[in-house]
Amino acid sequence: QYKAYNIGNGLSPTNNAWRVIADNSQHIWCASPIHPLVRLNTQTGQWEGMKDEQGDHIYGMDFRLDRRGNLLIASTYGLVIHDNKTGKTRRYTTNLSGTQEMKVKTAVALCYDAKRDLLLMGHKQGLTLFDLQHDHLYYIENTPNRVDISVKSIEQDRQGIFWLSTANGISRLNVEQKKDGTLQWSIKNYAPREGQITPFFNG
């Protein structure tokens, strides 16, 4: 059975749903950089506009669920984490404890590794690695032989390798944890010279 949700039929407060995700509490979240974040309760059919702890609207770009059941939201200004247990929605421009400032606040794409509790946040300046387990931020910036400009999407394969869609080809990222708990990585870039038809992939 098919059912449309839009402004025209009165079943949705927005026609802009760039990203959609279902959480563990029977809610459907819709994000867009041009309309505030909204959430649909599938049991009641009621929509709710979601705001952060300061009462500000959230303009979302991507979603992931972490292993705690929390919703991780890439927004136009910082990482937003919705705690499903408490119902609180908080925006972060630092690590969780506030000891590290995020060099880049806007996040365009997310990818979450539940096994290592590792969140990857793609943006125009490269990539931010957020080790949530150890509450530490790492950065892979736009420099020669590293991640190319503007990470558009990130996915992880069955071997744990991350694949980045960028404005200048595809990048293969392998992240490993050293004995002291810190992260190290290696990157291989695939550009048109490797046979790609186009260097730009939006997803």
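The values are calculated or read from the model by the stated rules, or taken from the named source; none is laboratory data. If you're wondering where the values come from, they're calculated on a predicted model, not measured in any experiment. Because the Cβ atoms are built from the backbone with ideal geometry, glycine has one as well, and the counts that use them run over all protein chains shown. Note: accessible area is taken over every heavy atom of the protein model, side chains too, but ligands, DNA and RNA are not part of it. Shrake-Rupley method; radii C 1.70, N 1.55, O 1.52, S 1.80 Å.
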Seminar exercise, completed: Rounded to 0.05, the calculated FRET efficiency for the beta carbons of Lys103 and Asn9 at R₀ = 35 Å is 0.20
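If I take R0 = 25 Å and measure r between the Cβ atoms of Asn174 and Lys85 in this structure, what FRET efficiency does the formula 1/(1 + (r/R0)^6) give, to the nearest 0.05?
Efficiency, rounded to the nearest 0.05: 0.15.
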Problem set entry | Choice from Arg193, Arg64, Arg172 showing the highest fluctuation, given a GNM over the chain with Cα pairs closer than 10 Å | Arg193
Exercise. Any idea how far apart Asn24 and Tyr2 come out in nm if each label point goes 7 Å out from Cα toward Cβ?
Worked result: 3.4
For this session: Give the carbon-plus-sulfur fraction of the accessible surface of segment 67-157 in %, rounded to a whole number; probe 1.4 Å, heavy atoms of protein chains only.
Result: 48
Seminar exercise, completed: Of the listed links Lys88/Lys179; Lys51/Lys188; Lys51/Lys152; Lys51/Lys103, those spanning more than 31 angstrom between alpha carbons are Lys88/Lys179; Lys51/Lys188
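In terms of the Cα gyration tensor, with a ≥ b ≥ c the square roots of its eigenvalues, is segment 5-65 rounded because a/c is under 1.5, prolate because a/b exceeds b/c, or oblate?
On the way: a/c = 1.40, a/b = 1.15, b/c = 1.23.
Note, shape of segment 5-65 comes out rounded.
Using a ≥ b ≥ c from the Cα gyration tensor of segment 1-144 (square roots of the eigenvalues), is it rounded, prolate or oblate, where a/c under 1.5 gives rounded and otherwise the larger of a/b and b/c decides, a/b for prolate? Mind dumping the intermediate values first?
On the way: a/c = 2.04, a/b = 1.72, b/c = 1.19.
Here segment 1-144 falls in the prolate category.
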For this session: With a 1.4 Å probe and every protein chain left in place, work out the accessible area per residue of the chain in Å², rounded to a whole number.
Result: 55
For this session: Choose one answer from Leu127, Leu110, Leu137: the residue with the largest mean-square fluctuation in a GNM of the chain with alpha-carbon springs under 10 Å.
Result: Leu137
Problem set entry | GNM top mover of Gly69, Gly78, Gly98 - the chain, alpha-carbon springs below 10 Å | Gly98
For this session: Set the Förster radius R0 to 45 Å, insert the Cβ-Cβ distance between Asn16 and Trp185 as r into 1/(1 + (r/R0)^6), and round the FRET efficiency to 0.05.
Result: 0.85
